1. Does the stretch 94-115 contain at least one residue that is of a type outside the set (S, T, N, Q), over 30 Å from ASP355 (Cβ atoms), surrounded by fewer than 22 Cβ atoms within 10 Å (Cβ to Cβ) and touching a residue at least 60 places away in the same chain (Cβ under 8 Å)?
2. Looking at (1) under 30 Å from GLU210 (Cα atoms); (2) modelled with pLDDT under 90; (3) among the hydrophobic types (A, V, I, L, M, F, W, C), find the lone condition where ALA281 falls short.
3. Tell me which of these LEU21 doesn't satisfy, since it passes every other one: (1) closer than 21 Å to GLU80 by Cβ; (2) part of a loop (DSSP other than H, G, I, E, B).
4. Any idea which of (1) in contact with an Asp or Glu (Cβ under 9 Å, 6 or more places away or on another chain); (2) closer than 24 Å to ALA219 by Cα; (3) not charged (D, E, K, R) is the one ALA71 doesn't satisfy?
5. Within the stretch 310-349, restricting attention to residues that are surrounded by fewer than 18 Cβ atoms within 10 Å (Cβ to Cβ) and touching a Pro at 6+ places or on another chain (Cβ under 7 Å), which residue is nearest to SER381 (Cα to Cα)?
6. If GLY3 passes every condition in (1) more than 21 Å from the chain's Cα centre (by Cα); (2) buried (at least 24 other Cβ atoms within 10 Å of the Cβ) but one, which one does it miss?
7. Filter the stretch 104-132 for residues that are over 16 Å from THR90 (Cα atoms) and over 32 Å from the mean Cα position of the chain (by Cα) and give the result.
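The values are calculated or read from the model by the stated rules, or taken from the named source; none is laboratory data. Computed from a prediction, not measured in an experiment: that's the story for all the values here. Ideal geometry is used to build each Cβ from the backbone, glycine not excepted, and the neighbour counts take in all protein chains shown.
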Amino acid sequence: MCGIVAAAARREVSEILLEGLRRLEYRGYDSAGLAVLDDDARLLVHKRLGKVAELEKAQHAQPYYGPTGIAHTRWATHGEPSAANAHPHTSGDRIALVHNGIIENHSVLRQQLEAEGYVFTSATDTEVIVHLLHRAMNGCDDILKAMATVVDQLEGAYALAAIDRENPGQIVGARQGSPLVIGVGIGENFMASDQMALRQVTDRFIYLEEGDMVRITPASIAVFDAQGDAVERETTRIAEAEETVELGDYDHYMLKEIYEQPRALAATFSAAGGHEVADSAFGECAAEIFDRVKAVQIVACGTSFHAGMVARYWLEELAGIPCEVEVASEFRYRKRVQIPGTLLLTISQSGETADTLAALRDAGTDDFVGSLVIANVDNSSLVRESDLVFLTRAGAEIGVASTKAFTTQLVGLLMLTIALGRRNGLPQGREQELVNALHALPDYVQQTLALDTAIKALSEAFIPKHHALFLGRGIHYPVAMEGSLKLKEISYIHAEAYPAGELKHGPLALVDDDMPVVAVAPGDELLEKLKSNLEEVRSRGGELFVFADRQAGFTSEPRVRVLAMPHCPEVAKPIIYTVALQLLSYHVAVQKGTDVDKPRNLAKSVTVE
């Protein structure tokens, strides 16, 4: 949700901190701040409301330089967006601290500290932690020992990084329920909530585990586990070249990422291995686990949940395997009855989604034959803690509204369907048809992108609207859900999706000449029923926007505007129709003047519950 960057070096680090924040701004962007210890061990702090550019202006107007520093971009949880609530938070003009996560018992701790005379200047839960750390330093000259005392008092999730002017040249950190990674340098070391923040300074990383604490200096890294014992954590080298995240000729990252989908889909399917889907694409022990799978339980949030809903149709229809799909935050908090032989499948772009990660941990291992994660970030928590892993190859996704991450997840899910289906009677000829469709996907998406101008023309009708309905049947109902989510995320138009057959059971009451209705209408066996549903809309004065296969027999007429989509195999349709709806949402948002890449109140990686 928020972004942490920290550096302990023998050189000036403020620009390293700022560059790290720029790279993490998509994770939190209502305020930003940095704190450095200069060569005289003075604690210097800049905090600004707004985006990282505002912090840069402050730094340029009054430069704060030093070899040790921490920085943060914030996504508000406790306290409104403001300079006062921005991180780093300080105590006694001595200690500065940044925090990702939520401290659940902050109110009780705050009352205790106020009774002891501590004065709070923010409404955040984080300020409690820095005052606790200041209190723990009384009579203690080791800030790491003091931090251990503090974390024992915290309930909730946190990734922490702190500096102390009485302990110059070192940074201490801790993690519980929120990611923290160490960047290993030469004569300098770093911390961050995401390795992306540090790729400009190192390609070697140490991923901290739950309960770990760490002390870094320019020359050393010391890691301690939850019991306080010194431990060695593996150093991982990211060998591939750093991916560019420049906008290039695009106006927004979202549009760039929509247009990157043909490449991303091809790269993701390349993991299959030639002209078949190899079990090894999911991990070394995949074959042994897949042989025992009798059912699949999918757990995810948001857009990834929609991907799971699409996959349920594939797994049950093509592979003949029962599948349940559940929102992670609900899965965690109910009593479950599990089918024997169930594979637990989690889906997450970041691999750090808090509810999904907690669901994996809470599920245990006894009720499942194994766990598989489909994620876009290697070495993320879900990747490290799952038995099997399928990494999508979407590349960095900066726009908060997910596009290429979603469609590459669908590729991974279809590959899983094929791998499980061949064990459950999927004919070899049908398997080859599915593989051929995967090979052809980039071309079908490219044909869809060629409709951009026509989709932009459709989008103009949505500019004065405040509400929209999305309809779909069968596997295209979750596609409609994803389309409505994209529209509401970035244009702030209230949008809802329904199975088209549910129209007369309530939503039809909303239909009038001010309610646009978007229908996903490929030419499948449910087409005639969908046409009847759409006629119900038109007869009540509703305006229809129909995304239909060019061979489906839909034509534009008064109050019905049809976009003729490429004709393609059935399994490709959820992906190409999603791409068309992404473009629709993008153009509506641009014309309404919203911040497309950083929509209000949202963050890219949801690492708090």
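1. Yes: one or more hits.
2. (2)
3. LEU21 satisfies all of (1) closer than 21 Å to GLU80 by Cβ; (2) part of a loop (DSSP other than H, G, I, E, B) except (2).
4. So the condition that ALA71 fails would be (1).
5. Checked the stretch 310-349; the qualifying residue nearest to SER381 (Cα to Cα) is ILE339.
6. Evaluating GLY3 over (1) more than 21 Å from the chain's Cα centre (by Cα); (2) buried (at least 24 other Cβ atoms within 10 Å of the Cβ) leaves (1) as the failure.
7. The answer is GLN111, GLN112, ALA115, GLU116.
Okay, residues lined up against (1) in contact with a Pro (Cβ under 8 Å, 6 or more places away or on another chain); (2) in contact (Cβ under 8 Å) with a residue 24 or more places away in the chain:
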{"position": "VAL5", "(1), (2)": "no, yes"}
{"position": "SER14", "(1), (2)": "yes, yes"}
{"position": "LEU43", "(1), (2)": "no, yes"}
{"position": "LYS57", "(1), (2)": "no, no"}
{"position": "HIS60", "(1), (2)": "no, no"}
{"position": "GLY66", "(1), (2)": "no, yes"}
